[in-house]
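This report refers to the structure that appears directly beneath it.
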Amino acid sequence: MEAYREMSTLIQPLISANASVIYEPLDLLGDALSAAIDYGITIYDALFVAATLRTRGKLVSFDKKLKQKLMTRNPDIVYPMS
């Protein structure tokens with residue numbers, strides 16, 4: 001529950017500042033396919049990874065398996081949560 005509160009605290013300023021960008025999945029599909037293969041993840045997860053890489057942001061997720069796979073290849077894109 002604490003991790004959820006932390007994520008909520010981080011996301012609220014972005015929502016308030018209208019800092020979000022909406023991508024169509026087809027716009028990210030090429031990058032997502034590459035990420036799915038490179039990281040050994042589902043295309044669904046890879047769409048989030050592709051968006052993260054495109055925006056040079058950090059991925060925030062409760063999915064421990066996904067974070068472990070990403071950390072082995074590109075730890076800079078994963079937001080460290082407690």
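The values are calculated or read from the model by the stated rules, or taken from the named source; none is laboratory data. The structure displayed is predicted, hence computed values, not measured ones. Here the Cβ positions follow ideal geometry from the backbone for every residue, glycine too, while neighbour counts run over all protein chains shown.
Observations on the model:
- Residues of the stretch 25-45 that turn out to be within 16 Å of Leu66 (Cα to Cα) and not polar (S, T, N, Q), as a count: 12
- Tyr4 surrounded by 10 or more Cβ atoms within 10 Å (Cβ to Cβ) and touching a Lys or Arg at 6+ places or on another chain (Cβ under 9 Å): no
- Boolean, Leu14 is in a helix (DSSP H, G or I) and surrounded by 14 or more Cβ atoms within 10 Å (Cβ to Cβ): no
- Selection within the stretch 36-82 - part of a helix (DSSP H, G or I), small (Gly, Ala, Ser) and more than 11 Å from the chain's Cα centre (by Cα): Ala36
- Identity of the residue in the stretch 8-56, over 18 Å from Val78 (Cβ atoms) and among the acidic types (Asp, Glu), that ends up modelled with the lowest pLDDT: Glu24
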